[in-house]
Every structure is written in C-alpha cells, then in structure tokens.
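K.L.:
Take a look at this one; I'll ask things after.
Derivation of every value follows stated rules applied to the coordinates shown; laboratory data play no part. Predicted model only: the values in this text are computed from it and were never measured. Note that each Cβ is placed from the backbone with ideal geometry, even for glycine, and that neighbours are counted across all protein chains shown.
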Amino acid sequence: MTACDDCLRRAQLLRILAPRIAELSTPRARGARMLLALPDIELVYTVAGSRAAEVQAQLEAFDPRAMREEVVRAHLAATCRHDAAYPERLLQLPDPPAALFMRGDPALLTGVSEEPAVAIVGARRASTYALEVAQELGRGLAVSGVTVVSGLALGVDGAAHRGALSGNGRALAVLGSGADVPYPRSHRELYARVARTGLILSELPPGAGARRWAFPARNRIMAALAEMVVVVEAREASGTLITAEFAAGLQCQVGAVPGRITSAGTAGSNRLLVDGAKPILGVGDVLDALYGVGARPEPPPLRVALDPIGRAVLDAVEAGDSPLDACVHPVKDVRAALGRLEVLGLVRRDGLGGYERTGLRCEPA
Amino acid sequence: MLASMATFAIEGVDSREVTVEVDVRQGLPVFNVVGLPDAAVREARERVRAALLNSELEFPQKRITANLAPADVRKAGPSFDLALAGALLAASDQIPTNELGRCALVGELSLSGALRPVRGAVAMAAGARAAGFERLIVPVENALEASLVGGIEVQGVPDLRSLVELVNGRWTPEPVTEMSAVDAEPVRSLDFCDVRGQSDAKRALEIAAAGGHNVLMVGPPGSGKTMLARRLPGILPPPSFDEALEITRIHSVAGIASGSLIRQRPFRAPHHTISPSGLIGGGSIPRPGEITLAHRGVLFLDELAEFSRVALEALRQPLEGGGVEITRGQRSLSLPAAAMLVGACNPCPCGKPRDNCACDQVARTRYQQRLSGPLLDRIDLICQLEPARPGELISADALERSAAIRERVVAAREGQRARLDGTTATCNAEMDAPLTRVHVRMSARVRARMLEGHATTGMSARGHDRVLRLARTIADLDGRDSVRASDVDEALSYRMSSAWRAAA
C-alpha cells in the first residue's frame, strides 16, 4: 500500500490551508464540500486569496519523502486514489479524498468493496436511549459480520464503536483530525481499542488537529464507504443530517431510528423518516435492507486450533451443560479453556453468569 | 506544689503523648481538670479521689488543678486515671518525683484502687518507645500485649498501692512472660472438606488466598457462599510476627484483643446495614472501621448488593491503597486497611436457582447495577456457584482438607515474599504498577494473548494490571517462574464475568 507524490502533496495542501478553510465554511459547510472538489491550484486561489503565492511557494517546497517518513513515525499507513488498496466506493464522490492515512487493520478498508459496511451516526449529546440503541446496533451488526463505520465522536458514535468492539466485530472510525490524533481526547481509550482490532482512517496528514470544516468533510467519507447510513438520533440542522444528505446523493441507503415526536433532540431523525428514510427498529431491519428481507450472510467461521480440553468445554457449553460440572478435567484447566473461548468469542455469559454458545462457528485451523 | 506525669492517648491506631500536670496549693478544696477533657476524663476526679482513699493514701484537702497538655486536643476515655493519680501523689509529696522521670503511666482506676485494663496498650507502648521513654507502667492485664512491642521496659501493676510500692523501691512486678499456650490455634477450625461440590469456588478462593486477591462469589442462597468464606482464614498463611503485631495493635485499640499476640488473621463479617463510617472508620473521635479491623485478614461482605451504595463506594480507596484517610474537623488520620475483600451475593433478586429464576432482565440488571463498575474493577475474581447436586451432598468421598490447600498457598506466598523482598508489597495483590511490570514476566506469545483479552473485554488499565497479578498468582500456585498462556486465560475467565461487568 502506497500513496503517490501528487496525492501526498494534496494532503500537504489541506494541512497548509486547514486554518483558512475554517473561516470560509458556512455552518452547514457546503462551502467546504464543494471546495474539496477543486484542483490544487484553484483550491489555493479560492482559499488563500491574496496569499496564494505564499501558499504556492510552500507547496513547491514540499518533499513527499519527508511526509512518508512522517507517516511511518506516526505509526500510520497511507494510500491514495491511484493505489489498489483505495476503496472504489470513495470514487463515487465528486470530491474523493486524495490520500488516506490509517492506523489499524487495512483489510477493513479494502473489505468494504466485498463485505457491506454500515455507518451509525447521531448526536454527540444523545439520550441514554440513543446510546443504548447505537450500542446494540453496533454489536448486532458486528456479530453479523458487517463493518461498523462511525466518527469516534462523543455520544452515538462512541456507543456504536463500543458495541462493535463488544461483538468482536470490525470497527472503522473516520476522524476529522489526523489519524494519529485521538479526538475527542476523552475517547483516547476507545481510539486505542479501535486501532488495535479495527481501523482508524483520515484524509488529513499526521498530526492535523480537529477543524470545524473537517467534520462535514469526514462525513462524506463515512457516507461513501457505507452501504447504509443509520441515523440514531439527530436534531434539525445538525452535522449528522449532513451525513444523511451525502448518503442520499450516493448509492447509499438511509435509515433512521424513530424518536419521541415531542423532543427537539430527535426532530432531525424523525424528519428523515417523513422524507422516506427506512425506519430502523432493530438490527434485523438493517440486515434486511442490506441483504434482502430474511436473508442473512453466514458469519465466517473462526479458524482456530483448540486443544482437547477446549474442545470438550465447547461441546459441553454447546450441549447446554455447565462446563465445570460436565468436564472431568481439573477446574483450573476448564477455567482456562473458558477464558480462552470467551476471548475468542465462541462462548459468552448469560444474564446469570452461566455460559452459552455464540453464533460463531469454529473450524480447526 | 507542681508535678507532671506522661501518659498516652489513642489517635486512630497510633498514640500521642499527653502530659498530665497537677498543681496542689492552699485554698478551698476543689479538684478541677482542664485541657479539653470529655465526660469520662472529668469523672476521673471521683475515681482518683476514691481510689486514693481506698488505697490508704491521702487525698489532699487543697485546691487541685490538673491540666492535660497539649490543651487543644480532645481527651477521651478513662486511660488517663493512673497518670492523674500518679501526678497527684507526686504533687502532694506521697511519692518521690525523680523516680518517674522517663516513665509513662497508663491505666483506668476503679474506686477500690485496683487498675482496669485499657484499650490500645500496644499502640501506647509503641508511642512511648518512639517518644524515648524507657519504662511504661500499665495495668497488669495489659502488660503482655504492651511488651510485644519490645525496646521498652513494661511493668504491669495490679493496683494503686503497688504503684506507690514500686516507686519507693519496695516491690517489683514479675517480669512479663509470653503465655504461648493461650493463643495456640484452635484444635479444629472450620475445614474446606465440609463443603461439598463447588470446586470452582474452592479454586477461586485458593487463588485469592495465594495472592491476597479480592473475590466475589455469586450464587443462589444455600449454595455454600458463606460456608466457604468462613473457611477462608483456615487456608491463609499464618501472619508473620510483624503482621501479628499490627493486627494485635489494631484489635487492642478497638478493645477486642485477647491481651496477648493475635496469631490468627482476622475475619470480619459486618452486617449489610452497616454505615459508611462503620465500614471504613470514623466518628467525631475517629475509630477504626471494619476494613481496618480486617487488616491483614479477610473482610467478608455477605449479601454485597444489599450494602448501601455509599458504604460500598467508600471502600474503593482503601481497597486500592491498603489504607484509609479520615478527616474529621481539625484532624486527619490514616488507618491501615490491607484486607482481602470477599463478597457474596445472589445472581438475581429472587435468588432461585437458574432454572426456576423468575426475574426478568430489567430486574436482574437493576440488581447487578447496585455494584458499581469501579468497585467491581477492584475485584480480581468473580466465581459462580451452582446449588450442589444431591449426588455430591450424599457422596462419601473424602474431600481435600484445608491443611492441604493451605500448604500450597503457603508455598505460593513463600515465592512471592522472596520475589517482593525489599518492597512495600507482601503479596501479588499488593504489587503496584511498576512492580507488576517487573515481576510478571511472560513471553511475547502470552503477551499477545493478554492483548486479545484486553480488546474483547475493554477492561481498564487497572483491570489489565489486575489480570496480570492474578495470572502471576496462578503461576505461583504451580510453582512456575514464568506466566503461561493458560494462566492468563484462567485469570481472564475469573475476571470478566461479563454479566456483572456489563451491568455496571
């Protein structure tokens, strides 16, 4: 996976112009949206105005090698739209990001072409109900093998990521800051967990701070990556609705979770339903929209070598027996096996602390 | 004429020096005590008067003023009686003053002149030694425990008359001897072999005992949670002399000591209606709470979910730091609180076995939410108990006895002590983050295993360290120096009872 010099230069240009774009963007950021479709030269003149020459000079001094080194130092990887790893879905945008910077498992990015991804978005100041729904949707979709895309923001975004992680699934976070900059800071731990098992993605070069215009800009990436955008809770005229608007313009379905009609917090998401978004009452509705009503993909079996005790314990759980009673092995071995199986996602605890089998199949490695 | 005597007042589980000054001069016969005395100290006047007269000593018919210095600290309790009487005797020339120069006196007087034992003799002896006193005179019942501290001559005196004889050099008390027969362990303590089945909980308690970890037992009523918990002290290693002394000192302050060295680890099981200050200590004159009384032993909280939230949350800091800081008004005290927490609760409000449980998910979640996340985070092992099956109950098989388990625990602790020599920690559970990094060695493969568990359970940094320490203990029980993948797996399985953690 590589990024070409031109695309890296474009990323550098975004870095140089970032503070000035903030001044240009309107609250609904349509300015930024159209802006990013402009070629480099025009972008320079539109944004920098009288100081265009200065910016141009800075850009000419740009050394792609330095940025590549910077990427490595920040423990990131980079790709660009001329690279095979770049997801085709992004090219449907009028203004696809030139370079993409990421940390985590790059297979998630290439995977969006074959396996569907769903973006779960919503308000930062969300109700408890919305957080619950987002987490359950995230978990349910992740368990079904769907990549869960969100923006790592407070509220609904964070809950969706947490749900995906708890389902041992694929979590993809698109940031409005550099991919090595956890934002918001209170989500540092969540950032680290996503980076460990999922993927953190950004079109901004390493170290870029969060800018106001960058959030609607990253929303377009989320909408383009996903096959469906689910709005869990949104006010009228909110950033979340921008994502839904982007989605409507792409080959991307829009779903919304119904909320109280008396609450301003859910007015935006309810409005989407009136305008024809798919009502989402559960994970099933999203899966129906992705695969057709009632059709479900088989979760890929886990390929893992289990020792005989692990196998025996798994069989006991499968049969509905208490593994500690059913197995003749010493308690410590059964406990170790249960710990392993739970980490692998093959068993889970029921509400009373007993063990039950998850839907994940297991094949010998 | 003026005379002064040194004595000691209990403060937390320490003591501070108090000087009793008595001034006797011509005037109307009155007896005043100043220096922030409480009611018990003011009543000392009557006890001292009667004790003196009943000991055939003279009570001067003069103006008597006693001052307890420092005068800005509240004085409570009857332990100042003896020093007050001594200072009065000296001030009225009934005993020579120079004799008692580097000597401190502690004791409660009865009206007959006999001495009654006081609380906290160990702490007072330690305080007196630290303050540079060479001799401590205590009621004869306190002599043994006070002498445990060492480095100071302790003399046990039965009554006021003997004190006068002692000071005049006409009588010497018998030297204090350790009575070892008294505190030998009970012949038959509660044994693990009394509990049928529950091999999982037994294993969890063995690990907990081996590393000093906190443990929570979840199971329906009658599955043996309380029985198991009460048998835990029987598999803990005996306390070292220093630990025994700490235990004795605390129990002596609380007035529950036997009068000699306590050689058994304490087991405290407060009722769930206990107040926060009852649990962690407090009161206007702060006294140690249950967690301090359980120092170096076991604090067993049966029906953990029924304890008040405030009381449970108050436990968080002592569980992490091994000590309690109490601030009351102008004073702040730190009390030791390195106890093992053992909790027990039902899996759901109805408490019926799994197949008959009638609770819906909401009721269950609400019940489980009573234990907060931060509290659960401090519990290393959560184990599950099912009702014992009839076959197990009537089986005649001999089960493993506590003595055999204790041997393994002692061996595991032995290894830990050697490893942690020269640090503040005495067992794995007491290791702090840097110690954990140094002493939990594992291969890269095992580390990767740990990270996997970390990712799926989303545990906190504290939780991560706690799993490492638990895995360390499991390896110690096996006598291994390096931590294996199976140790990490087992530690994770006790750690993440997802039902409870998710609810919190």
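K.L.:
How would region A:302-363 be classified by its alpha-carbon gyration tensor: rounded, prolate or oblate, with rounded meaning a/c under 1.5 and the a/b versus b/c comparison settling the rest?
P.N.:
The shape class here is oblate.
K.L.:
Report, in debye and to the nearest 20, how large the dipole of the protein assembly as shown comes out about its Cα centre when Lys and Arg carry +1 and Asp and Glu carry -1 on their Cβ. Could you put the intermediate results ahead of the total?
P.N.:
Details: 101 positive and 100 negative charges, 293 e Å.
Computed charge dipole of the protein assembly as shown: roughly 1400 debye.
K.L.:
What FRET efficiency do you get for B:Leu28 and B:Arg74 if R0 is 41 Å and r is their Cβ-Cβ distance, rounded to the nearest 0.05?
P.N.:
Working: r = 28 Å, r/R0 = 0.69.
The computed FRET efficiency comes out at 0.90.
K.L.:
What is the distance, in nm, between label points placed 7 Å from the Cα along the Cα-to-Cβ direction at A:Asp40 and at B:Ser275?
P.N.:
7.5
K.L.:
A further question on this structure: If you add up the charges near A:Gly111, with Lys and Arg at +1 and Asp and Glu at -1, over every other residue whose beta carbon is less than 15 angstrom from its beta carbon, what do you get?
P.N.:
In short, -3.
K.L.:
Taking C-beta distances below 4.7 angstrom as the pairing criterion, name the unpartnered cysteines of chain A, in sequence order.
P.N.:
So, A:Cys4, A:Cys252, A:Cys327, A:Cys362.
K.L.:
As a test, work out the antiparallel percent of DSSP beta bridges whose residues both lie in the protein assembly as shown, rounded to the nearest 5.
P.N.:
So the antiparallel bridges in the protein assembly as shown amount to around 40 percent.
K.L.:
Checking the a/c ratio against 1.5 first, then a/b against b/c, what shape does the Cα gyration tensor give for region B:229-349?
P.N.:
The shape class here is oblate.
K.L.:
Please give the FRET efficiency for B:Glu414 paired with B:Arg309, using the beta carbon to beta carbon distance and R0 = 41 Å, rounded to the nearest 0.05.
P.N.:
0.55
K.L.:
With unit charges on the beta carbon (Lys/Arg positive, Asp/Glu negative), name the residue among A:Pro206, B:Val195, B:Leu245 whose Cα is farthest towards the positive pole of the charge dipole of the protein assembly as shown.
P.N.:
Among A:Pro206, B:Val195, B:Leu245, the one farthest towards the positive end of the dipole of the protein assembly as shown is A:Pro206.
K.L.:
Which percent, nearest 5, of DSSP beta bridges in region B:192-503 are antiparallel?
P.N.:
30
K.L.:
Okay, helix-only estimate at 222 nm for chain B: each DSSP H run of n ≥ 4 adds -39500 (n - 2.57), divide by all residues, round to 500 deg cm²/dmol; what do you get?
P.N.:
Calculated from helices alone, the mean residue ellipticity at 222 nm is -11000 deg cm²/dmol.
K.L.:
Taking beta carbons within 10 Å but only from partner chains, what does the mean come to for residues A:337-346?
P.N.:
6
K.L.:
What residue among A:Val133, A:Val181, A:Val72 shows peak mean-square fluctuation when chain A is described by a Gaussian network model with Cα springs under 10 Å?
P.N.:
A:Val72
K.L.:
On a C-alpha basis, how far is the centre of region B:310-355 from the centre of region A:224-276 in Å? Whole number, if you could?
P.N.:
Here the two parts' Cα centres lie 46 Å apart.
K.L.:
Suppose we keep just the DSSP beta bridges with both residues in region A:75-291; what percent of those would be antiparallel, to 5?
P.N.:
The answer is about 30 percent antiparallel.
K.L.:
Can you tell me how region B:192-503 classifies by the Cα gyration tensor, rounded, prolate or oblate, using a/c under 1.5 as the rounded cut?
P.N.:
rounded
K.L.:
Please work out the C-alpha center-to-center distance from region A:319-365 to region A:157-214 and express it in whole Å.
P.N.:
Distance between centres, Cα-based: 32 Å.
K.L.:
Can you give me the Cα centroid spacing of region B:196-258 and region B:378-414 in angstrom?
P.N.:
13
K.L.:
Calculate for chain A the 222 nm mean residue ellipticity that helices alone would give, adding -39,500 (n - 2.57) per DSSP H run of length 4 or more and normalising by residue count, nearest 500 deg cm²/dmol. Intermediate values should be presented prior to the final figure.
P.N.:
Numbers: 16 runs with 164 residues, N = 365.
Dividing the helical sum by the residues of chain A leaves -13500 deg cm²/dmol.
K.L.:
Could you name the aspartates and glutamates whose alpha carbon sits less than 16 Å from that of A:Lys278, not counting residues in the same chain fewer than 8 places away?
P.N.:
Those aspartates and glutamates meeting the cut-off are A:Glu227, A:Glu233, A:Glu245, A:Asp288.
K.L.:
Pop the C-beta distance of B:Glu58 and B:Ala461 into the FRET formula with R0 = 56 Å and round what comes out to the nearest 0.05.
P.N.:
0.20
K.L.:
Something else now. Partner chain Cβ atoms within 10 Å, averaged over the residues of A:324-335 - can you pull that number for me?
P.N.:
5
K.L.:
While we're looking at this one, here's another question. For A:Lys332, go through the lysines and keep the ones whose alpha-carbon is under 19 Å away, minus same-chain ones fewer than eight residues off.
P.N.:
B:Lys202
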